[in-house]
Each structure stands twice: as C-alpha cells, then as structure tokens.
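Remarks on the structure that follows.
The values are calculated or read from the model by the stated rules, or taken from the named source; none is laboratory data. Quick caveat, the model's predicted, so the values are computed rather than measured. We place every Cβ from the backbone using ideal geometry, glycine too, and count neighbours over all the protein chains shown.
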Amino acid sequence: MRSYFDVLNEIPEDEDKLYFLLAIINKQFLDENPDSLNFITNLCYESQRHAIEKSVKGWKTASKTDLLGNPIPPLEGNPTPPLEEVQEEVQEEVQEEVEEEYLYSDKSFLESWEKARKHYLKKPTHIKKLDFNESNYFKNLIKDYTPEEIKTGIYGLFKQKNKNISSMYLKPKHFLENFVKYYNAELSKDYELYGKGEKLKEQLWLKN
C-alpha cells in the first residue's frame with residue numbers, strides 16, 4: 001500500500017526502515033505480530049496495523065486457511081463469503097481510512113481552485129483530477145499545511161493584480177510548486193508580486 005511507503009520514507013535510519021518492513025512482511029505473510037520494536041519503528045507500525053490486520057483477516061476468511069496453508073474450519077452458521085466480496089470489503093475499508101487521513105482530498109482542493117478562479121477571473125475550470133506531478137506536490141503539501149492554509153494560499157495567487165501569465169491561473173501546478181510564496185503574500189496582503197497591471201494576457205514567449 002502507498003501508505004506503507006509514505007511512512008517508510010519518514011523513518012530516518014536505514015536500520016529502522018528494515019525492521020519496519022520486516023514487521024509488515026512477517027505479519028502479512030506469516031501472521032506473526034512484531035516484537036521488540038524500538039519506539040520509532042513501533043510507532044510507525046502501529047499507524048498501519050489496522051490496515052495490515054484487515055488484509056490478513058480478509059485472506060484467511062476467503063481462503064479458509066491460515067497464512068501457512070492450514071485449513072481453518074468455518075464457524076457453524078457463519079458461511080464464508082466469496083473471495084471477491086471479501087477483497088471488495090477490505091478495499092472499501094482501506095479507502096475509507098485513506099480518505100479520513102487526507103480529509104482535504106484532491107477533489108476538495110480542485111473545488112477550492114475552481115471557486116477562486118470563477119470569483120476572481122470570472123472563468124470556469126474543467127479540471128477533473130490532478131496530474132501525476134500535481135498530485136505528488138499536493139500530497140506533500142497537506143502533510144504540513146491545513147486545508148484553510150492551502151485556501152489562504154489560493155487567495156494569495158488569485159488576488160495578484162498583475163496576472164500576466166494565464167497558465168499560472170489555469171492549472172494548479174505553478175501554485176502547488178510555489179505555495180509558500182502565495183501563502184505569505186496573502187498573509188502580508190502583498191498583491192503586487194508581479195506589478196500593478198490588472199489585464200490578463202499571455203506573454204509572447206509562451207506562444208512560441
């Protein structure tokens with residue numbers, strides 16, 4: 001899962017990274033709970049434990065065996081659901097956890113972007129989703145800033161008096177790359193980062 005990878009990248013020491021990965025692998029494939037993890041590694045594992053245990057439980061329920069292949073007798077009066085149903089249920093639960101972790105989703109961000117664009121430029125936007133690079137920038141952003149702070153940055157961009165490069169206001173890539181600049185601009189009410197001109201126009205070099 002992507003969340004395992006994200007947590008792994010937050011661990012500074014390679015030795016702790018290894019223990020974290022071994023703890024996940026041993027639980028996922030041997031159903032062995034980790035033991036004697038240090039504080040950092042245990043903290044990281046606990047943040048993912050619920051998702052890991054759900055995955056293990058789903059497999060055991062669907063396959064009617066433990067992770068070593070030994071049969072598990074079904075509980076009386078409790079028939080085993082098809083594998084597809086179990087997998088779908090586990091996926092839905094994991095997705096809910098991911099959405100709870102990232103309350104300000106890509107979709108919510110694009111809604112904020114569209115509202116600002118309509119209000120300040122009187123122009124709609126038809127962006128359905130962030131592209132790969134934009135999504136990565138956004139995921140890093142929401143680790144350090146709240147939804148309200150990100151919205152504050154959006155205002156700092158769209159309130160600029162001189163909007164001389166239209167691509168800056170069409171797709172959010174430029175904003176996500178330069179968030180801190182526009183966040184600080186809104187906090188300081190500095191709307192003349194690019195001068196005082198108000199007319200939106202495309203620079204010649206963008207057309208070439």
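Here is how the numbers come out for the structure above:
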| read-out | value |
| --- | --- |
| Residues located in the range 121-138, provided they are of a type outside the set (Phe, Trp, Tyr) and either under 29 Å from residue 189 (Cβ atoms) or at pLDDT below 90 (or both) | 121, 122, 123, 124, 125, 126, 127, 128, 130, 134 |
| Any chance residue 161 is touching a Pro at 6+ places or on another chain (Cβ under 8 Å), among the charged types (D, E, K, R), farther than 30 Å from residue 57 by Cβ and not assigned by TED's automatic domain parsing to the domain that holds residue 48 | no |
| Evaluation of residue 160 against (1) touching a residue at least 60 places away in the same chain (Cβ under 8 Å); (2) in a loop (DSSP other than H, G, I, E, B) (one fails), failing number | (1) |
